[in-house]
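Everything below concerns the one structure shown next.
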Amino acid sequence: MSTPATSDGEGGQPRQRRRYDSPVRRERAGQTRERIVAAGSALVHEFPIWDWSGLTFRAVAERAGVGERTVYRHFPTERDLHAAVMRRLQAEAGVDYDDLDLDTVSDVTARSFAALSSYAVSRWDHTEPRQPVLIAEDRQRRDALLGAVAPHSTGWTEHERRATAAVLDVLWSLPGYERLVRVWQLDPDTATQAVSWVMGLVVEAIRDGHRPGGPRRPTA
């Protein structure tokens with residue numbers, strides 16, 4: 001199909017109307033969106049505390065070198081912007097909640113701990129998920145852990161299943177990891193190995209059908 005023409009060109013000749021939607025325009029829009037998300041990620045890495053209130057349209061626009069209206073065109077609300085940046089941070093850390101299962105939970109936890117060194121946050125043990133994006137991320141992880149436990153807990157009560165997923169979540173928690181490093185003065189690798197070790201014991205218990213509060217294994 002040819003591009004529509006107008007009759008106000010030079011000498012009365014038809015002038016081709018510029019096509020609004022084109023592969024080039026879509027590519028440029030994608031590049032701009034990438035700049036915006038990358039700028040948001042860079043800003044979060046520089047936050048001194050885990051508080052996303054500073055991730056505003058203005059701050060991201062300035063960092064990306066675009067106008068605020070450009071950011072609005074790609075992200076109608078700050079919640080949409082924050083969600084896109086959180087997905088980027090998860091990808092950078094190698095965290096994929098969609099594919100989380102008992103075989104991968106320890107490795108994913110280790111990767112998330114390893115990514116902490118790339119942030120300027122000075123302390124993680126006094127942070128709460130107050131912002132909507134942090135609350136949503138917390139819920140996403142809890143749902144993923146419940147999904148990982150469910151196939152291996154047939155016949156368990158809902159309370160037992162939730163308690164088991166909650167234990168894995170506590171082992172994954174940043175305050176717990178930081179306590180190992182700050183209070184117990186373990187180096188990051190040793191702290192991560194310790195968490196992975198306990199996670200492995202919990203995963204083994206789940207696979208063996210040992211539910212929370214159930215009878216202990218008989219000793220040899």
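A quick yes/no check of all residues on (1) among the small types (Gly, Ala, Ser); (2) within 24 Å of residue 94 (Cβ to Cβ); (3) assigned to a loop (DSSP other than H, G, I, E, B):
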{"position": "144", "(1), (2), (3)": "yes, yes, no"}
{"position": "162", "(1), (2), (3)": "no, no, no"}
{"position": "181", "(1), (2), (3)": "no, yes, no"}
{"position": "185", "(1), (2), (3)": "no, no, yes"}
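Would you mind finding the one in 134, 145 that is under 27 Å from residue 41 (Cβ atoms), of a type in the set (A, V, I, L, M, F, W, C), in contact (Cβ under 8 Å) with a residue 12 or more places away in the chain and surrounded by fewer than 19 Cβ atoms within 10 Å (Cβ to Cβ)?
Details: 145 fails: surrounded by fewer than 19 Cβ atoms within 10 Å (Cβ to Cβ).
Selected residue: 134, the only one of 134, 145 that is under 27 Å from residue 41 (Cβ atoms), of a type in the set (A, V, I, L, M, F, W, C), in contact (Cβ under 8 Å) with a residue 12 or more places away in the chain and surrounded by fewer than 19 Cβ atoms within 10 Å (Cβ to Cβ).
Tell me, please, whether a residue that is part of a helix (DSSP H, G or I), more than 13 Å from the chain's Cα centre (by Cα) and closer than 24 Å to residue 176 by Cα can be found in the range 68-82.
No - not one qualifying residue is present in the range 68-82.
Of all residues being within 12 Å of the chain's Cα centre (by Cα) and surrounded by 15 or more Cβ atoms within 10 Å (Cβ to Cβ) in the range 90-107, which is farthest from residue 190 (Cα to Cα)? Just the residue, please.
Pass one, the range 90-107, residues within 12 Å of the chain's Cα centre (by Cα): 90-98.
Of the ones still in play, those that are also surrounded by 15 or more Cβ atoms within 10 Å (Cβ to Cβ) are 90, 93, 95, 97.
Values: 90: 23, 93: 19, 95: 21, 97: 25 Å.
Result: 97.
State all residues of the range 156-212 that are exposed (fewer than 15 other Cβ atoms within 10 Å of the Cβ), among the charged types (D, E, K, R) and within 22 Å of residue 140 (Cα to Cα); if no residue qualifies, say none.
Passing the criteria: only 158.
No lab work stands behind these numbers, since they all come straight from the coordinates. As the structure is a prediction and not an experimental result, all values here were calculated from the model. Heads up, the Cβs are rebuilt from the backbone with ideal geometry, glycines too, and the neighbour counts pull from every protein chain shown.
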